[in-house]
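The values are calculated or read from the model by the stated rules, or taken from the named source; none is laboratory data. Please read these numbers as outputs of a predicted model, since none were measured by experiment. Every residue, glycine as well, gets a Cβ built from its backbone with ideal geometry; the counts of neighbours run over all protein chains shown. The area values use the complete protein model at the heavy-atom level, side chains included, leaving out ligands, DNA and RNA. Shrake-Rupley method; radii C 1.70, N 1.55, O 1.52, S 1.80 Å.
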Amino acid sequence: MLVEKNVPLQSCNTFGIVAKALSLVRITSEADIAAVLQDPALQALPKFILGGGSNIVLTGDVKPLVLKVEIMGKRLAGETARDWIVEAGAGESWHELVSWTLQNGFPGLENLALIPGTVGASPVQNIGAYGVELQDRFDSLDAVDLTTGQPFTLNAAQCAFGYRDSVFKHASSGAAGFGLAGKALITRVRFLLPKAWKPVLGYADIDKKMLLRKVDVPDALQIYEWICEIRRAKLPDPKVIGNAGSFFKNPTVSPEQCADIIQRDPKIVYYQLADGSVKLAAGWLIDACGWKGKSIGNAGVYDKQALVLVNRGGSANPVTGGEVMTLAKAIQTSVYERFGLRLEPEPVVV
Ligand code: EPU
């Protein structure tokens, strides 16, 4: 096991923020975790788990020991009467896994194409797009307890998935009472991909593609290609313009609150949820406050989707974590002043 010192992280976070890991160990297997936990100089250190760096804002050098997850492998791990069970290592690229499942005849993840990040990060924030959330396709995951070194497996209920949320986003003292943030390293994830596959439709952007291409019942590959086109048209490619995807969660309000906002702003975009509450489009709220295309320092609001904050300085003069957070706070203040709603950031601030 090699402990690397002062490792530049600019290429390890999709914002392209400059920061260093003071110490970093690459985790390619469970044995590497065991080696860290058995090493007297490392075992008690605070640890930070780094996947694809697509959902983090680095506000300085990372002092905890960085465990960079590079556990690879994709395979058909089994099947039930209803589903294929596909397993992938936590270090695999999420999008490459989606492509691989389709090429190998296991559709079901196509609506989640082109989401940046790794397989291991996907359950942490229960990634979701175009009507499918990770929890809809999740079987179980393997992880290692970073205090005891014990491996364990969690099913969907034990992951406590919510909207962009799971047990891995909460500290044990948090509101959920039980949390694994920073305490466990996800090594492998298994997905349930339905043998009787059906397309998940009903999103305006997909409906438009169906009309345009004159397709009534698309196959999984068509949906995959459309989703890639839709995302490329409205979301910045982190390889070209640094960003961390949606920066805020879409807030949920009561029907009464929503009715009140509609009265003042009839154009507001909202979605009715099954439990009676209403989800508001945070991108619309930010846009309505006039933020689209604006910047503070090198942190900007993307001009095609106000929910995404971007690095306007490129790799030569990159945005700092401080600039991103200053812009985020200014947006939160305007949205609060106009709508009385507190936007909650999606990425983890390190
Ligand atoms: N809108 C505006 N102005 C904007 C942005 C959005 O008016 O600048 C309005 C539009 O009317 C649009 C609506 O808001 O129809 C919703 O926008 P969009 O369809 O782009 O979806 P979203 O709610 O902004 C969510 C996810 C995305 C996911 C898309 C598609 C969150 C926080 N974000 O975005 O996830 O790709 O739906 O399902 O839930 C991510 O998490 O990083 C991410 C990109």
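Numbers at a glance
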| quantity | calculated |
| --- | --- |
| Peptide ranges 225-233, 2-10, 123-131 listed from the most packed, as the mean C-beta count within 10 angstrom indicates | 123-131, 225-233, 2-10 |
| Chain lengthening between ALA316 and VAL349 when straightened (0.36 nm per residue, less Cα-Cα) | 9.6 nm |
| P(r) histogram, all alpha-carbon pairs of region 243-349 included - 5 Å bins from 0, percent | 2, 13, 23, 23, 16, 10, 7, 3, 1, 0 |
| Links that overshoot a 23 Å alpha carbon limit, given the list LYS74/LYS249; LYS292/LYS329; LYS209/LYS249; LYS267/LYS292; LYS234/LYS267; LYS74/LYS169 | LYS74/LYS249; LYS209/LYS249; LYS74/LYS169 |
| Counted charge near GLY293, where neighbours are those whose Cβ lies closer than 15 Å (Asp, Glu -1; Lys, Arg +1) | +3 |
| With every protein chain in place, the chain: carbon and sulfur % of accessible area (1.4 Å) | 54 |
| Radius 12 Å from Cβ of ALA306, net charge of other residues (Lys, Arg +1; Asp, Glu -1) | +2 |
| Relative contact order of the chain, pairs being alpha-carbon contacts under 8 Å that are 6 or more residues apart, as % | 17 |
| Dipole of region 29-160, positive direction: furthest Cα of GLY52, SER29, ASN111, with charges on the beta-carbon | GLY52 |
| GNM top mover of ASN111, ASN55, ASN317 - the chain, alpha-carbon springs below 10 Å | ASN317 |
| Cβ-derived FRET efficiency at R0 45 Å, ARG342 paired with ARG75, nearest 0.05 | 0.55 |
| Mean Cβ neighbour count within 10 Å, used as a protection proxy, ranking 254-267, 82-95, 149-162 highest first | 82-95, 149-162, 254-267 |
| Sum of side-chain charges, LYS68 neighbourhood, beta-carbon under 12 Å (Lys, Arg +1; Asp, Glu -1) | -1 |
| Radius of gyration and Dmax over the Cα atoms of region 9-108, both given in Å | 16.7, 50 |
| Largest-first ellipsoid semi-axes for the chain, taking √(5λ) over the Cα gyration tensor eigenvalues, angstrom | 31, 27, 20 |
| Under the span-like rule (Cα at least 20 Å along the axis, Kyte-Doolittle mean at least -0.5), DSSP H helices of the chain | 220-234, 321-339 |
| Top of GLY16, GLY293, GLY51 by mean-square fluctuation, Gaussian network on the chain, Cα under 10 Å | GLY293 |
